[in-house]
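Below is one structure; the comments refer to it alone.
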Amino acid sequence: QVQLVESGGGTVQPGGSLRVSCAASGRDFKWYTMGWFRQAPGKEREFVASITWSGGTTYADPVKGRFTISRDNAKNMVYLQMNSLKPEDTAVYYCAGRVVATTADYWGQGTQVTVSS
């Protein structure tokens, strides 16, 4: 069992940067593929990025080159660094554990990211 708690959301201007964090509990965390998903108002939840236990990363096309996912297994943390933010990045961002393709077994409660001038 893994529990996930996100933090670091907020409001930022277009072109700005923001980092969201995810604190994970559970002894098996370091073996899981972890990820970030997002859900904008009126839209379905979508995959953003994932990272394997060994550091291999995958990104959705809309965020490639702008977002970076990372993890610190010693601290049970996962991060999403978001640069060059656009208004269309506005969404609730969810940390996910044991990601397989476009779904996951464990979810955090979400953190709001708003990109607006």
Checklist entry - For the range 19-42, list residues with backbone N below 11 Å from a point placed 7 Å from the Cα of THR52 toward its Cβ? => result 33
Item to check | In the range 48-117, the chymotrypsin sites (Phe, Trp or Tyr not before Pro) that fall in loop regions by DSSP, at most 15 other Cβ within 10 Å | outcome: TRP53
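Calculate how many DSSP beta bridges within the chain are antiparallel, expressed in % of all such bridges and rounded to the nearest 5.
95
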Next on the checklist: Shape verdict for the range 78-117, please, from the Cα gyration tensor: rounded (a/c under 1.5), prolate (a/b greater than b/c) or oblate.
Outcome noted: prolate
Item to check | Label-point gap, in nm, between ALA74 and GLN3 - each point 7 angstrom along Cα→Cβ | outcome: 2.5
Checklist entry - For the chain, what is the accessible area per residue in Å², given a 1.4 Å probe and the full set of protein chains? => result 52
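Which GluC sites (Glu not before Pro) does the range 24-113 hold that lie in a coil by DSSP with at most 16 other beta carbons within 10 Å?
GLU44
The values are calculated or read from the model by the stated rules, or taken from the named source; none is laboratory data. Since the model is a prediction, treat every value here as computed from it, not as a measurement. Counting neighbours? That spans all protein chains shown, and the Cβs are built from the backbone with ideal geometry, glycine included. Note: accessible area is taken over every heavy atom of the protein model, side chains too, but ligands, DNA and RNA are not part of it. Shrake-Rupley method; radii C 1.70, N 1.55, O 1.52, S 1.80 Å.
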